[in-house]
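Visitor: Sending over a structure as structure tokens; questions will come in a sec.
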Amino acid sequence: MGSVLGVINLINEKPFLKELTQHRCMASVPFAGRYRLIDFTLSNFINASITKVAVFTKDKYRSVMDHLGSGKEWDLDRRNGGLFILPPIHPDERLKGDLEHFHDHLEFFQRSHADTVVISPGLHVSKIDYNEVIAQHKAEQADITVVYKDYQGDPVEKPVYHTCSIDDKGTVTDIQLYTYPMPGEAVCLETFVISKDLLIELITKCVENGEYDLIKDAVKANLHSLRVKSYKFTGEMPFIHSVDSFHSGNMEFLKPEIVRSYFYETWDLYTKVKHEAPAYYGASSRTSYSLIANGCEIEGVVENSIIFRGVKIHPGAVVKNSIIMQKGEIGPGAYIENVIMDKQARIKENATVVGGLQPVVIKKEEII
Amino acid sequence: MGNKKWIAMLLAGGQGSRLGELTHQLAKPAVSFGGKYRIIDFALSNCTHSGIDTVGVLTQYQPHLLNAYVGNGRAWDLDRNCGGVSVLPPYQGKTGGHWYEGTADAVYQNLQFIDQYDPENVLVISGDHIYKMDYNKLLKYHMKQGAHATIAVIQVPWHEANRFGIMNTDNEDKIIEFEEKPMNPKSNLASMGVYLFNWKVLKSYLIQDQQNPASSNDFGKDIIPKMLGAGSSMYAYRFDGYWKDVGTIQSLWEAHMDLLDANSTLTLTDPNWQIYAGNPNHPPQYISAEAEVKQSLVNEGSIIYGKIRHSVLSYNVQVGAGSTIIDSVIMPNVTIGENVIIEKAIISNNAVIEDGAVIRPSKESGDVILYGDSQRISSHI
């Protein structure tokens, strides 16, 4: 097998996490106690020995750049290959689509010695074995392999997904753009395997014709002229398309079998290392059914919650069914339930915040 | 590369034989501490925070883990183009080579290493102690006194003074006498094993000491007394923070209990003086619905179903349902089954404690129990 180039395509992100994506892109939204969404894709790349990775960013990329740094945490600080962060080269002009962005950096693809490219949106919470996807791609002699997963979960509020029609030979016969998938329908994970040469050809041709959308103009438009195959991903993966599903996707990580499947039974999940001390549980702490990261000081009650690194929960505070991101603080006697607290937010002494069916989101650095 | 203000030589070759099983396969500085650290992390982090960018780590006994752990020093920000961390094991030269025979010999054998940097001062520290210290303050004091050597000291309770190397000083804290474990101590200023030397002066004493076949080539036993005898200008620098030699099972356990004591001055959470560690990558800790964790430090990668009280748990520790852990230290990768009772014990790396086992000190002695590397403890014990 020749070498493989990993592409993380952040161009088509939709900021459907409201406050959480106000200042950062989806890929760098914190998840499961100490990770960012992009960590899952990067760790999957590393597991598949994909050691040259390009991250095509659109906007709000300070956070993701800060997170990735030199790529060291994912073993991507390499003399050969490694991590490339590629922002738009015409920041003043509105980007017409991901293909335009790829075209602007065409030299990056041309200069690479890889023969195969894996493209992923970098926001799926999954452990996809790309070795397997690539092996199938080659065995099927496919031009393009589209990774999909059968939809599960509550109905989507906005048409954010593309669904695939697949025949009994696994060939993709149609792609419906921007739909409301029903449970069991094949949702395109916007993850593709394609040869480098074909990708360069498609990028060039589309851009010449004034077409700029990878999925619409390069994949969908060529379903009948190219051999487009499907790969069904059957592993765990919460569909995250709203604040609600982000909350419930996190909460999945309180189930022991999910913890085992993501953290212990598959390859390691890497993230930026912080030098936090172990978590401290005080004499008055009562913690149960929770995921706790290092650097936390817990004196209050924590139930059914996900607590990120360096969070302080004061005596008498109660945290239920909530997600508290890095360096949050819950004051003495405060009560929160069904809440998502972004980084460094603070709940004052004796304050109460209770979310309804939709969790309440507290903005970064907000004080309540 | 030359002309550094100071560099540090970190003595990390000690066996730590009083730590029993814990040091069968690794050197004492590599012993796990505080749930995520190794003992050497404290000295290395102190160097980083004090602005020392060149550290020689002298290894000898069971060095593999330590060598790999220190690596290029990245965890402590010591991967530098000029200087950084160098691991210095004994080596063969043109005229042969030999093991490090004593602390002074270890430094002597690396004269060339030190001379490359042409430092004004050399800080000699050990990787055996738990303390957070700004060596800059020591350097400032050393320069102010114009000393040839400055030795960091800490006041210990008088009744314990006979366990330490004691500095007897005049009113200005000038050292007039050094006594190793004196029967009748005249002072309670104990040496912390932190020495700052003017390099030119130290170098001449190291060379002199090598020529004396009767010498044990030790800083405490040979170099310091020799310098004092020759009237060298040596000062005691008083340090008043937390410092502990964790050379015994009891003291290692006590230092862990100090971490859990709100009144102790040993904290790991000071944002300005973080202790850096070579971080293995682990998921967040999972606390189950039936778990109960109080007054404890728990590290990442652990899965807790039982009751944890007043204990320190390292990474990748699993505690089964119905088990109780009290006043104990659980080192990395330990698996504890169901309905286990562990009290006042140190459970060493990789141990497997089977369902129903009971580990607690005997009523008579009350001594801390140690279960060593990879031992399997079954319920009949």
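Visitor: Specify which of the listed residues (A:Phe253, A:Phe239) is surrounded by 19 or more Cβ atoms within 10 Å (Cβ to Cβ), in contact (Cβ under 8 Å) with a residue 60 or more places away in the chain and not in a loop (DSSP other than H, G, I, E, B).
Guide: Of A:Phe253, A:Phe239, the one residue that is surrounded by 19 or more Cβ atoms within 10 Å (Cβ to Cβ), in contact (Cβ under 8 Å) with a residue 60 or more places away in the chain and not in a loop (DSSP other than H, G, I, E, B) is A:Phe253.
Visitor: Identify all residues within segment A:129-170 that are modelled with pLDDT of 95 or more and of a type in the set (Gly, Ala, Ser); write none if there are none.
Guide: Selection gives A:Ala135, A:Ala139, A:Ala142, A:Ser165, A:Gly170.
Visitor: Residue under question is B:Val329, and the condition is that it be surrounded by 24 or more Cβ atoms within 10 Å (Cβ to Cβ) and more than 8 Å from every other protein chain (Cβ to nearest Cβ); does it hold?
Guide: Working: surrounded by 24 or more Cβ atoms within 10 Å (Cβ to Cβ): yes; more than 8 Å from every other protein chain (Cβ to nearest Cβ): yes.
Yes: the conditions hold for B:Val329.
Visitor: Oh, and also: Given the conditions (1) within 29 Å of B:Gly34 (Cβ to Cβ); (2) more than 23 Å from the chain's Cα centre (by Cα); (3) more than 13 Å from every other protein chain (Cβ to nearest Cβ), report the number of the one that A:Gly328 does not fulfil.
Guide: (2)
Visitor: Another question about this same structure. Looking for something under 22 Å from A:Gly249 (Cα atoms), in contact with a Gly (Cβ under 8 Å, 6 or more places away or on another chain) and not in a strand (DSSP E or B) - is there at least one such residue anywhere in segment A:267-285? Can you show your working first?
Guide: Start the filter on segment A:267-285 by keeping residues that are under 22 Å from A:Gly249 (Cα atoms), which leaves A:267-272.
When the remaining residues are screened for being in contact with a Gly (Cβ under 8 Å, 6 or more places away or on another chain), the result is A:272.
Those left that are additionally not in a strand (DSSP E or B): A:272.
For segment A:267-285, residues under 22 Å from A:Gly249 (Cα atoms), in contact with a Gly (Cβ under 8 Å, 6 or more places away or on another chain) and not in a strand (DSSP E or B): present.
Visitor: A follow-up question, please. Which members of segment A:270-285 meet the condition of being more than 7 Å from chain B (Cβ to nearest Cβ), of a type outside the set (Asp, Glu) and out of contact with any Phe, Trp or Tyr (no Cβ under 6 Å at 6 or more places or on another chain)? Lay out the reasoning, then the answer.
Guide: Going residue by residue through segment A:270-285, those that are more than 7 Å from chain B (Cβ to nearest Cβ) are A:271-272, A:274, A:276, A:284.
Checking which are of a type outside the set (Asp, Glu) leaves us with A:271-272, A:274, A:284.
Scanning segment A:270-285 gives A:Lys272, A:Lys274, A:Ser284.
Visitor: So which residues in segment A:286-324 are small (Gly, Ala, Ser), within 8 Å of chain B (Cβ to nearest Cβ), touching a residue at least 24 places away in the same chain (Cβ under 8 Å) and assigned to a loop (DSSP other than H, G, I, E, B)?
Guide: Initially, segment A:286-324 is screened for residues small (Gly, Ala, Ser), giving A:288, A:290, A:293, A:295, A:300, A:305, A:310, A:316-317, A:322.
Restricting the remaining residues to those that are within 8 Å of chain B (Cβ to nearest Cβ) gives A:288, A:290, A:293, A:295.
Remaining after also requiring touching a residue at least 24 places away in the same chain (Cβ under 8 Å): A:290, A:293.
Answer for segment A:286-324, where residues must be small (Gly, Ala, Ser), within 8 Å of chain B (Cβ to nearest Cβ), touching a residue at least 24 places away in the same chain (Cβ under 8 Å) and assigned to a loop (DSSP other than H, G, I, E, B): just A:Ala293.
Visitor: Just to check your reading of the model, which residue among A:Phe263, A:Phe233 is within 21 Å of B:Tyr315 (Cβ to Cβ) and not polar (S, T, N, Q)?
Guide: On the way: A:Phe233 fails: within 21 Å of B:Tyr315 (Cβ to Cβ).
Selected residue: A:Phe263, the only one of A:Phe263, A:Phe233 that is within 21 Å of B:Tyr315 (Cβ to Cβ) and not polar (S, T, N, Q).
For (1) modelled with pLDDT of 95 or more; (2) of a type in the set (S, T, N, Q), each residue gets a yes or a no:
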residue: B:His310; (1), (2): yes, no
residue: B:Gly322; (1), (2): yes, no
residue: B:Asp327; (1), (2): yes, no
residue: B:Ile341; (1), (2): yes, no
residue: B:Asn349; (1), (2): no, yes
residue: B:Ile353; (1), (2): no, no
residue: B:Arg360; (1), (2): no, no
residue: B:Ile369; (1), (2): no, no
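Visitor: Right, here's the next one. Given the condition under 24 Å from B:Arg74 (Cα atoms), at pLDDT 90 or above and crowded, with 16+ Cβ neighbours inside 10 Å, answer yes or no: does some residue in segment A:88-109 qualify?
Guide: No, because not a single residue in segment A:88-109 is under 24 Å from B:Arg74 (Cα atoms), at pLDDT 90 or above and crowded, with 16+ Cβ neighbours inside 10 Å.
Visitor: Within segment B:86-104, track down each residue that is touching an Asp or Glu at 6+ places or on another chain (Cβ under 9 Å) and buried (at least 22 other Cβ atoms within 10 Å of the Cβ).
Guide: B:Thr103, B:Ala104
Visitor: Here is a check on your reading of the model: is B:Val31 away from chain A (no Cβ under 14 Å) and closer than 22 Å to B:Asn349 by Cβ?
Guide: So B:Val31 fits the description; yes.
Visitor: Among the residues of segment B:155-175, is any of a type outside the set (D, E, K, R), assigned to a helix (DSSP H, G or I), modelled with pLDDT of 95 or more and out of contact with any helix residue (DSSP H, G or I) (no Cβ under 9 Å at 6 or more places or on another chain)? Explain how you work it out, then say what you get.
Guide: Taking segment B:155-175 as the starting set, the residues that turn out to be of a type outside the set (D, E, K, R) are B:155-159, B:161-162, B:164-169, B:171, B:175.
If we keep only those that are assigned to a helix (DSSP H, G or I) too, we end up with B:158-159, B:161-162.
If we keep only those that are modelled with pLDDT of 95 or more too, we end up with none.
No; the residues of segment B:155-175 include none that is of a type outside the set (D, E, K, R), assigned to a helix (DSSP H, G or I), modelled with pLDDT of 95 or more and out of contact with any helix residue (DSSP H, G or I) (no Cβ under 9 Å at 6 or more places or on another chain).
Visitor: Would you confirm, using the coordinates I've provided, whether A:Thr204 is of a type in the set (Ser, Thr, Tyr), in a helix (DSSP H, G or I) and surrounded by 14 or more Cβ atoms within 10 Å (Cβ to Cβ)? Outline the logic, then answer.
Guide: On the way: of a type in the set (Ser, Thr, Tyr): yes; in a helix (DSSP H, G or I): yes; surrounded by 14 or more Cβ atoms within 10 Å (Cβ to Cβ): yes.
Yes: the conditions hold for A:Thr204.
Visitor: Identify the single condition in (1) in contact with a strand residue (DSSP E or B) (Cβ under 7 Å, 6 or more places away or on another chain); (2) more than 19 Å from B:Ile39 (Cβ to Cβ); (3) within 11 Å of chain A (Cβ to nearest Cβ) that B:Val319 does not satisfy, given that it satisfies every other one.
Guide: All conditions are met except number (3).
Visitor: Just to verify a result, which residue in segment B:78-119, among those that are among the aromatic types (Phe, Trp, Tyr) and in contact with a Gly (Cβ under 8 Å, 6 or more places away or on another chain), is farthest from B:Asn198 (Cα to Cα)? Step through it out loud before you land on a result.
Guide: Step one: of segment B:78-119, the residues among the aromatic types (Phe, Trp, Tyr) are B:91, B:99-100, B:108, B:113, B:117.
Checking which are in contact with a Gly (Cβ under 8 Å, 6 or more places away or on another chain) leaves us with B:91, B:100, B:113, B:117.
Values: B:Tyr91: 25, B:Tyr100: 22, B:Phe113: 16, B:Tyr117: 14 Å.
Going through the qualifying residues, I end up with B:Tyr91.
Visitor: Here's another thing I want to ask about it. Return the total of residues in segment A:325-334 being crowded, with 24+ Cβ neighbours inside 10 Å and in a strand (DSSP E or B). Step through it out loud before you land on a result.
Guide: Restricting attention to segment A:325-334, the residues satisfying the condition of being crowded, with 24+ Cβ neighbours inside 10 Å are A:325, A:328, A:330.
Keeping just the survivors that are in a strand (DSSP E or B) gives A:330.
Counting residues in segment A:325-334 that are crowded, with 24+ Cβ neighbours inside 10 Å and in a strand (DSSP E or B) gives 1.
The values are calculated or read from the model by the stated rules, or taken from the named source; none is laboratory data. Being a predicted model, the structure only gives us computed values, none of them experimental. Don't worry about glycine lacking a Cβ; one is built from the backbone with ideal geometry, like all the others, and counts go over all protein chains shown.
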